[in-house]
Structures are given as C-alpha cells and as structure tokens.
Amino acid sequence: MEKNNRFQNELSLYSTADWSVCYTCNECTATCSIDDNGDNFIKDIIRNVHSNSEEVINKDISPWFCYYCGDCADRCSKNIVPGEIFMSLRRYLTSKYDWTGLSAMMYKSAKAHYSLIFLIFSLILGAFWIFADFNIPLRDGIVPINSFAPVNIILLADEILLVVLSLFLLSNIFNMYKKIILDDKSIKIPLKLYITEGKNALINLLTQKKFAKCERKKLYWISHLLIMSSYLIMFTIIGVFLYWFQTETIHPISHPQRWIGYYVTFGFFVSTIYYFAGRMKKKEPVFKFSHHSDWIFISLLFMITLTGILLHIFRIYGMAKATYIMYAIHLAFEVPMVVTFVAFSKWSHIAYRPLAIFFKDLKTKSKM
C-alpha cells in the first residue's frame, strides 16, 4: 500500500485533476474518435492508473495517442475530463524518458520551473548588458543589428544550444525506444519495417492528421497545427538559417524571409490568444484544467511573439536603441523557452507523439 500511495502521489504532481471518481465505465472509450481500431487504450490506461501499475505505465505508449480534444468528456457521467488523465501521463512519461531529472523537477514544482526561467532570463539580459553596445547609431538609415549583436556570435551560441538540446532530446528518445521496443523481448523488428513505417510517422508529425478526427474540435486542431508548424520553422531558422534570416537589409514585403517571419508570428499569436482565452473561460474540456507548465508555456510564447513584433516595427522605422533593447528582451524570453521546453517539456511532445505511433505500428506489424 505504501508503494501504491507513493505512485499515486507522484502522478498527482503532474495534474490538477482528481481521477479518483472515475470508475472505468468505458463511455470515453466508446466516444473516442481516435480509438477507431478497437484498441480500448483509454479503458486500459485508466485501469492501470487505478491499479497502480507503475511498471506497465512506464512502458505504455497509449497516452501519446490522445490529442485531448475533449470529445470523451461529453459522455462522462462523472463530469471529469479523461483527456486530462492522458495529459498528466504524458507529462509523467516525459519525465521518465528524461535521464537528467530536469523534466520531473519542472513538472513537479512550479517554483523550480519559474526559478529556472528567471535565472536564464537574467543571464541573457546580463550578457547583453555587459557585452553589447546599445549606442551604435544608424548606418545609412539602417539599424546595424548585426553589429550590436554580432550575428556570428549569436549563431555560434545558437548552434551550440541546438546541438546540446538535440543530444538531450535524442538521448531521451532513446530511453523511450528502449522502454517500448528494446525491452520487449517478444518482438523482433526487421530493418525494412523501420523504413516503411517511418514514412507514416513523418506524415503524422507534419499533418497531425489523427487530431483532425476529433469531432468537435476542428479549431483546436488548426491552432495545434499552426503552433506546431510555426515552432518547427522557428527552430530551423534559429539553428540553421539565422544568417539568412537576421539581416540588416529590410527586404520588400514580397521577400520569402518576411513571409516566413509573418507566418511564424501569426501562428504563435493566434494560438496563444486562443489558448489564453480558453484557459481563462474554462468552457471547453481541454481548458478546464491548467498545470503551471501550461501557463508558463503560453506566457513565454506570447512574450516571444509580442517582442518579436515590436522588434520588427522598431527596426523598420529606424529606431536603433529601441531595436537593440527589444532584441535583448526578445532573446531573454526565447532562450528560456527553448532550454526548458524543447527537450524536457511540451515541445518534446512533438517528437514523442509520432514516435509512439511509429513504435505501435512497428510492434503490431512485426507480429503479423
């Protein structure tokens, strides 16, 4: 009983909902649009939670199949949101894949997460205060942003950060792979199957097509697709194409550099406003419960978007000092977001979900 209480207590730290009233009536399974193959993954995972099957849950991938559209909540006789159980378990599993312990620390403690954000924010602003020159004047009417913050140094720092975070994420993905595939001695997967099923995983990543099956939440799917695609574009630009993107030349409105920037800005702005409004109103099931990581995520993303818009406006109108200040503030919000969410929290879910579908298909088809 002590072990079971410890496990239940740990799970409660990843959620704001009370699961105890659920008695596995199976109505949510019958309603789920995603569970179209009769897998009964909702019923099974909830029973595993109630039975404190910690080892089973640690190797389970079914929490990643749920997109938290909220359709199941409409049929729940206890007026709970089954999707929140799966969201909580995704946070829990993310912490189990992460060998550093950072994910568990940030998910379990709002104070720890806020403190880490504030520390990184302060370090970035401090670095600009010490090393940057906020008094560089206009040159031929253009803000010399690459002189204020030398693009080669910024790019080097971005590349180092990208490599480090990628290594963390890849090592966590390997832990996920080990738990689900390597530790399962009942299967043997041929190399060819990895290749053929890998294409489906990529399609799921880029389209989020399973999400579109949810009956009432098309707007939620669109916002999810917008924020996911905007993030992938932003991360690629920061890590690979910063020289091309961060230019002192102000390109015409027709230039692809500006349209890419506008798409990312639009995707982040619309999505964060939608999420803020939803979490404030709490009318939709998906917004009924809010973990502290949810608020941190959308708050940072909104500030990145807002400071990015102001930075663009100041730069276009030749407001040099305002541009420099806003650039420093913009990065002070962006770096904590990237550091704490890419490998250890919500952004990593973009990788884990299609991989879970990929691993499921590998296991299923290897037994055929």
Could you please let me know if Trp347 is surrounded by fewer than 18 Cβ atoms within 10 Å (Cβ to Cβ) and of a type in the set (Phe, Trp, Tyr)? no
Of all residues in the range 7-20, which are open to solvent by 30 Å² or more (accessible area, probe 1.4 Å) and over 11 Å from Pro82 (Cα atoms)? Gln8, Asn9, Ser12, Leu13, Thr16, Ser20
Keeping to the range 312-327, report how many residues are surrounded by fewer than 21 Cβ atoms within 10 Å (Cβ to Cβ) and touching a helix residue (DSSP H, G or I) at 6+ places or on another chain (Cβ under 6 Å). 3
Whichever residue in the range 289-302 is open to solvent by 30 Å² or more (accessible area, probe 1.4 Å) and either among the aromatic types (Phe, Trp, Tyr) or out of contact with any Ser or Thr (no Cβ under 9 Å at 6 or more places or on another chain) (or both) and, among such residues, is nearest to Ser348 (Cα to Cα): Trp295
Restricting the range 123-132 to residues that are under 15 Å from Glu334 (Cα atoms) and in contact with a helix residue (DSSP H, G or I) (Cβ under 8 Å, 6 or more places away or on another chain), which is surrounded by the fewest Cβ atoms within 10 Å (Cβ to Cβ)? Leu125
Considering only residues that are open to solvent by less than 20 Å² (accessible area, probe 1.4 Å) and not in a helix (DSSP H, G or I), look in the range 133-159 and name the one that is nearest to Tyr14 (Cα to Cα). Ala149
Members of the range 88-108 found to be open to solvent by 20 Å² or more (accessible area, probe 1.4 Å) and in contact (Cβ under 8 Å) with a residue 60 or more places away in the chain, listed by number: Lys96, Trp99, Thr100, Leu102, Lys108
Taking the range 297-317 and keeping only residues that are out of contact with any Pro (no Cβ under 9 Å at 6 or more places or on another chain) and among the aliphatic types (A, V, I, L, M), one is left with Ile298, Leu301, Met303, Ile304, Leu306, Ile309, Leu310, Leu311, Ile313, Ile316
Hey, can you tell me all the residues within the range 43-55 that are open to solvent by 10 Å² or more (accessible area, probe 1.4 Å) and either touching a residue at least 12 places away in the same chain (Cβ under 8 Å) or under 23 Å from Ala351 (Cβ atoms) (or both)? Lys43, Asp44, Arg47, Asn48, His50, Asn52, Glu54
Of all residues in the range 233-278, which are within 25 Å of the chain's Cα centre (by Cα) and either exposed (fewer than 14 other Cβ atoms within 10 Å of the Cβ) or of a type in the set (Ser, Thr, Tyr) (or both)? Thr236, Trp259, Tyr262, Tyr263, Thr265, Phe266, Ser271, Thr272, Tyr274, Tyr275, Ala277
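The values are calculated or read from the model by the stated rules, or taken from the named source; none is laboratory data. If you're wondering where the values come from, they're calculated on a predicted model, not measured in any experiment. Neighbour counts run over all protein chains shown; Cβ positions are idealised from the backbone, glycine included. In case anyone asks, the SASA skips ligands and DNA or RNA and just uses the protein heavy atoms, side chains included. Shrake-Rupley method; radii C 1.70, N 1.55, O 1.52, S 1.80 Å.
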